[in-house]
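Asks: Would you mind keeping the following structure in view while I ask a few things?
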């Protein structure tokens, strides 16, 4: 948290120093005064981009500046802190990159504005995963939790109600998404793993880890509960109080029995836990698995028969953004969907929202490996040029259709969130 | 009153004003706001400025109804106080020893300063680095376990070295002994050396001199150091979180979890409760020694 604060002050100090246009420019830039004559037109186009580290590559910012002249200033925070910042300091950023599940909190606050689908060039080419909840081949995807298509449309620009039918007002223009599962150390487990039930298997006592975000941790636990046949939820992403009690009871028993080594919150923590052998099975993110592997340590992003827990994020703008800044925001989002950034994300193991443009920016062999689940024809390199996989290897979980087609639920905020948080504190104290 | 006493009063007020204003702006006003917010209501995403005891009722949920089983609040504070007591006891012994060495065995002032600075080394790095740095030492495949297994002292790696109460106490002691060393050292160097000589001349043994002369004269330093350590450990959630693998409850962590869930009034209520508990501990400690009189 202190990390974020430091960056914040650094940023405002920087923008203060840079504010050649003086106080007026800063006020207009922060959107404090709307309709004020814009005096920064000769200034470089700058957008303050608030998000988690997922999409915030320096390479993306550099390429964006080269292509569009828009300078991206990243404000990096953890998922929880991004939400907190939107609620408490809506004027401290221009473009927001956040996950769909936080919309249930963000939209009612009125601090963010949707984007107009008609101004997004590639909108019609956005994968139907977002718009219809199905794969490009028409297969329906699991929709438990805060699935993006449930919260994609607003009734009007200033509405606080999600529309059930498509409208032009898009809460978040999708950028990146993935199907998450358990990461394992095959060299230490030495047997096939194919079910979420293994996360709480006493065989891995003291060697398992959970994600330390209550709303996500409890969903992983719910996957285990269903996998072991103890209970079947109507919606794992929106439990009743009784279901929360049941899930927490099972988690508490596992904790007391010493099942968990640690809970992680940060990308690097998860990499360290796995790479050092402190844990051998844990919920994980795809690029973290890739990073462990790039250290020469075997790690598998293990597909499981009960399916994946998916997440998705996208762009919207702060309510303080208007005038030229809003135009730049559209320009930036359009650039982001135009392919280069999509290819960059695909090469990290994420998925891009507009598949066609990303494909045009990837080599056919890369596309075949990452998206079609085919053996790599050549060595697979990361966006920075590091060797990720040798020729001949296969992607964990296979093709896009195999992975996204097996999504069981989406990261969510429950209606009973308040109760769940109290239960989580009880769980930690037990 | 003569004009000169009035102007002297004015000068005194003016001298006190900067500190008073800083204190007001950065302590009293924020504290008042926290207390105010703790009595507000809230929903999923915002605070609602209407009077509500919800922050407190939810924090103390189950404390009466679930008796004799301890509620979340009791368990959390039980854990935090346990850490407090252990860290306090260890830092006191270690801190006193280090301060004694610095004050009575190191003769040159330059070396005293240099060695005091060495005590600040644990602060030269960030918490994240520190957390990652412990893994290669205490981890399952870390240096200590490798050595113990290699020497056939244990058959398999010791699990409780990391992500346990042990590692939390170790890290807290590693960090906060410094806060004990400096005040005690400060008390010790003020001790008139002739008192110690007098004790020696009167036939006191080394232990008797320590216990009847030095320790009583170090009381203010001990109390100040204790207040530092206790208040820091009571409010710590980063070290306990990082070294406890996020599986050990602390009062600060409860506040953090509620903040992350945007439940600011409950977080504020917990902060007020934490402040209350900490103030009570400090009041009790100041009862034992009147620091102002001793200084």
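Asks: Please go through (1) touching a residue at least 12 places away in the same chain (Cβ under 8 Å); (2) farther than 28 Å from residue A:82 by Cβ; (3) away from chain B (no Cβ under 11 Å) for residue A:256 and return the number of the only condition it doesn't satisfy.
Replies: Residue A:256 satisfies all of (1) touching a residue at least 12 places away in the same chain (Cβ under 8 Å); (2) farther than 28 Å from residue A:82 by Cβ; (3) away from chain B (no Cβ under 11 Å) except (3).
Asks: Take region B:67-105 and flag every residue that is at the interface with chain A (Cβ under 10 Å from one of its Cβ atoms) and either in contact with a strand residue (DSSP E or B) (Cβ under 8 Å, 6 or more places away or on another chain) or without any contact (Cβ under 8 Å) to a residue 24 or more places away in the chain (or both).
Replies: Selection gives B:70, B:71, B:74, B:78.
Asks: Hey, among B:229, B:238, which residue is crowded, with 21+ Cβ neighbours inside 10 Å and touching a helix residue (DSSP H, G or I) at 6+ places or on another chain (Cβ under 8 Å)?
Replies: Only one candidate qualifies: B:229.
Asks: Could you list, in sequence order, the residues of region B:273-294 that are over 17 Å from the mean Cα position of the chain (by Cα) and either part of a helix (DSSP H, G or I) or closer than 14 Å to residue A:429 by Cβ (or both)?
Replies: Passing the criteria: B:287, B:288, B:291, B:292, B:293, B:294.
Asks: Follow-up. From the list B:161, B:170, pick out the single residue that is within 25 Å of residue B:221 (Cα to Cα) and at pLDDT 90 or above. Spell out how you get there, then give the answer.
Replies: Numbers: B:161 fails: within 25 Å of residue B:221 (Cα to Cα).
Criteria check complete, one pass: B:170.
Asks: Regarding residue B:59, is this residue surrounded by 15 or more Cβ atoms within 10 Å (Cβ to Cβ) and within 14 Å of chain A (Cβ to nearest Cβ)?
Replies: yes
Asks: Only one of (1) touching a residue at least 12 places away in the same chain (Cβ under 8 Å); (2) away from chain B (no Cβ under 14 Å); (3) touching a helix residue (DSSP H, G or I) at 6+ places or on another chain (Cβ under 7 Å) fails for residue A:134. Which number is that?
Replies: The number of the failed condition is (1).
Asks: Just to verify a result, which residue in region A:234-243, among those that are more than 14 Å from chain B (Cβ to nearest Cβ) and touching a residue at least 60 places away in the same chain (Cβ under 8 Å), is surrounded by the most Cβ atoms within 10 Å (Cβ to Cβ)? Before you say what the answer is, go through the steps one by one.
Replies: From region A:234-243, those more than 14 Å from chain B (Cβ to nearest Cβ) are A:234-237, A:239-240, A:242-243; that's our starting set.
Now drop any that are not touching a residue at least 60 places away in the same chain (Cβ under 8 Å), which leaves A:235-237, A:239-240.
Values: A:235: 16, A:236: 26, A:237: 23, A:239: 24, A:240: 15.
The extreme case among them is A:236.
Asks: Those residues that are in a helix (DSSP H, G or I) and over 17 Å from residue A:176 (Cα atoms), I need them from region A:398-414; list them, please.
Replies: Selection gives A:402 alone.
Asks: Can you pull out every residue in region B:254-264 that is at the interface with chain A (Cβ under 7 Å from one of its Cβ atoms) and under 19 Å from residue A:269 (Cβ atoms)?
Replies: B:257, B:260
Asks: Next question. Would you check if residue A:106 is at pLDDT 95 or above and outside any loop (DSSP other than H, G, I, E, B)? Step through it out loud before you land on a result.
Replies: Numbers: at pLDDT 95 or above: no; outside any loop (DSSP other than H, G, I, E, B): yes.
It is false that residue A:106 is at pLDDT 95 or above and outside any loop (DSSP other than H, G, I, E, B).
Asks: Next up: What tally of residues in region A:391-417 results from selecting those that are within 11 Å of chain B (Cβ to nearest Cβ) and either surrounded by fewer than 18 Cβ atoms within 10 Å (Cβ to Cβ) or modelled with pLDDT of 95 or more (or both)?
Replies: Going through region A:391-417 one residue at a time, the tally reaches 2.
Asks: Would you check which residues across region A:293-318 are within 14 Å of chain B (Cβ to nearest Cβ) and in contact (Cβ under 8 Å) with a residue 40 or more places away in the chain and list them?
Replies: Going residue by residue through region A:293-318, those that are within 14 Å of chain B (Cβ to nearest Cβ) are A:295, A:297.
A:297, the sole residue that qualifies.
Asks: While we're looking at this one, here's another question. For region B:45-164, list the helices (runs of 4 or more DSSP H) that sit wholly inside it and hold at least 3 residues that are more than 23 Å from the chain's Cα centre (by Cα); which are they?
Replies: Because the criterion is at least 3 residues that are more than 23 Å from the chain's Cα centre (by Cα), the helices (runs of 4 or more DSSP H) in region B:45-164 that meet it are B:54-59, B:109-118, B:127-138, B:143-150.
Asks: Name, by its number, the condition in (1) over 18 Å from the mean Cα position of the chain (by Cα); (2) at pLDDT below 95 that does not hold for residue A:329.
Replies: In the conditions (1) over 18 Å from the mean Cα position of the chain (by Cα); (2) at pLDDT below 95, residue A:329 misses (2) alone.
Asks: Just the residues that are over 18 Å from the mean Cα position of the chain (by Cα) and buried (at least 22 other Cβ atoms within 10 Å of the Cβ), please, taken from region B:248-263.
Replies: B:257, B:258, B:260, B:261, B:262, B:263
Asks: Within region A:88-102, which residues are assigned to a helix (DSSP H, G or I) and surrounded by 24 or more Cβ atoms within 10 Å (Cβ to Cβ)?
Replies: Once the filter is applied, which keeps residues that are assigned to a helix (DSSP H, G or I) and surrounded by 24 or more Cβ atoms within 10 Å (Cβ to Cβ), region A:88-102 yields A:100, A:101, A:102.
The values are calculated or read from the model by the stated rules, or taken from the named source; none is laboratory data. Being a predicted model, the structure only gives us computed values, none of them experimental. No Cβ is skipped: glycine too gets one built from the backbone with ideal geometry, and neighbour counts run over all protein chains shown.
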